[in-house]
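Here is the structure we will look at, set down as structure tokens.
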Amino acid sequence: MFDKLGSTPDAVAQSLRSGGIRGVRNTVRTLNPIVRWATAQTPGMIADLILVNRLRIGFVVGELTEIALPEPVLQFLAEFHKGRYPDLELPHDPAA
């Protein structure tokens, strides 16, 4: 699932850019860019990164599974959360 994102954090960022995926720093559910990318790949699933290094996936039928995140994706997330890829951040909504 994650092989097509790339083999470096910058390649992961570029894949997200190309797919129009953006997110919010320090989030683990629907606003996280990796979660948003994964759910776009498999409609009908619910995902989160509560476990930090594993994507936890739930399906409508109640099935739950976990997928280990590859090192480039983990590195991308660490850098994203530090603000390295501001163009991939969703705009802040002060009304929220």
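The values are calculated or read from the model by the stated rules, or taken from the named source; none is laboratory data. Note that this is a predicted model, so its numbers are computed, not measured. Because the Cβ atoms are built from the backbone with ideal geometry, glycine has one as well, and the counts that use them run over all protein chains shown.
Numerical summary
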{"read-out": "Contacts under 9 angstrom Cβ, first residue in the range 59-88 being within 20 Å of T42 (Cα to Cα), partner among the basic types (K, R), 6 or more apart", "value": "L64/R56; T65/R56; E66/R54; E66/R56; I67/R54; I67/R56; A68/R54; L69/R54"}
{"read-out": "Any chance T27 is surrounded by 14 or more Cβ atoms within 10 Å (Cβ to Cβ), polar (S, T, N, Q), farther than 16 Å from M1 by Cβ and free of Cβ contacts under 8 Å to residues at least 40 places away in the same chain", "value": "yes"}
{"read-out": "Residue list for the range 51-96, filter: at pLDDT below 95 and either among the β-branched types (V, I, T) or assigned to a helix (DSSP H, G or I) (or both)", "value": "V52, I57, V60, V61, T65, I67"}
{"read-out": "From the options L55, L74, L90, L49, residue that is more than 20 Å from G6 (Cα to Cα) and surrounded by 12 or more Cβ atoms within 10 Å (Cβ to Cβ)", "value": "L90"}
